[in-house]
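Written below as structure tokens is the structure these notes are about.
The values are calculated or read from the model by the stated rules, or taken from the named source; none is laboratory data. Fair warning: this is a prediction, and the values are worked out from it, not measured in the lab. Cβ sites come from the backbone with ideal geometry, for glycine too, and all protein chains shown count toward neighbours.
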Amino acid sequence: MKNKILLITTILLLASACSSNNLKKLSFEKLNEKLENKDSFVLYLTNEDEYGTTLKNTLTSVSKENDLKTFYVNLDKLSDSELDSLNEKFTFEDENIILFIKDGSESTVLSRVDDPYISHDKLTNELKNQGFIK
């Protein structure tokens, strides 16, 4: 009986942790839809490797702390044509990078975050500078 209660409690805790995640995965189609709708959002492009996991964890933490909904696209899951199309919209060489999309486009490449070891405070400040958090 104790094992069942422990199992149910664990499942509920995991479910609540997943549902409060402010970093949401985007499909290529949904990304295009957000761009066409001229949405403003934080976009993380990743290959989900060691460096990407570190940056993703920092972004997730900052997003949760500031109740900011952010999005990511796993580049490994894109077809060659999707990757080419994405690279036409946002020319990039780094595979783990945070972009700041305003009104459906990236206003400047100078504000990108590509440091996988950026500190929590520096990322928070960059999001403030870009107007995504107060």
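Here residue 77 passes the criteria (1) buried (at least 16 other Cβ atoms within 10 Å of the Cβ); (2) under 21 Å from residue 29 (Cβ atoms) except the one numbered (1). Yes or no: residue 61 within 14 Å of residue 23 (Cβ to Cβ), modelled with pLDDT of 90 or more, in a helix (DSSP H, G or I) and hydroxyl-bearing (Ser, Thr, Tyr)? Considered against the rule, which asks whether it is within 14 Å of residue 23 (Cβ to Cβ), modelled with pLDDT of 90 or more, in a helix (DSSP H, G or I) and hydroxyl-bearing (Ser, Thr, Tyr), residue 61 comes out as yes. Inclusion of residue 127 among residues that are farther than 21 Å from residue 48 by Cα and not polar (S, T, N, Q) is warranted.
The rows are residues; the columns are (1) more than 15 Å from the chain's Cα centre (by Cα); (2) crowded, with 19+ Cβ neighbours inside 10 Å.
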{"site": "46", "(1), (2)": "no, yes"}
{"site": "53", "(1), (2)": "no, no"}
{"site": "96", "(1), (2)": "no, yes"}
{"site": "104", "(1), (2)": "yes, no"}
{"site": "110", "(1), (2)": "yes, no"}
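Within the range 58-74, residues that are without any contact (Cβ under 8 Å) to a residue 40 or more places away in the chain and within 13 Å of residue 132 (Cβ to Cβ) have Cβ atoms under 9 Å from residues that are among the acidic types (Asp, Glu) and surrounded by 15 or more Cβ atoms within 10 Å (Cβ to Cβ) in no pair, counting only partners at least 6 apart in sequence or on another chain.
Looking across the range 79-110, the residues that are more than 20 Å from residue 129 (Cα to Cα), in contact with a Leu (Cβ under 7 Å, 6 or more places away or on another chain) and in a loop (DSSP other than H, G, I, E, B) come down to 90, 92, 95, 96. Condition check for residue 115 on (1) touching a residue at least 60 places away in the same chain (Cβ under 8 Å); (2) over 18 Å from residue 49 (Cα atoms); (3) touching a helix residue (DSSP H, G or I) at 6+ places or on another chain (Cβ under 8 Å): one failure, at (2).
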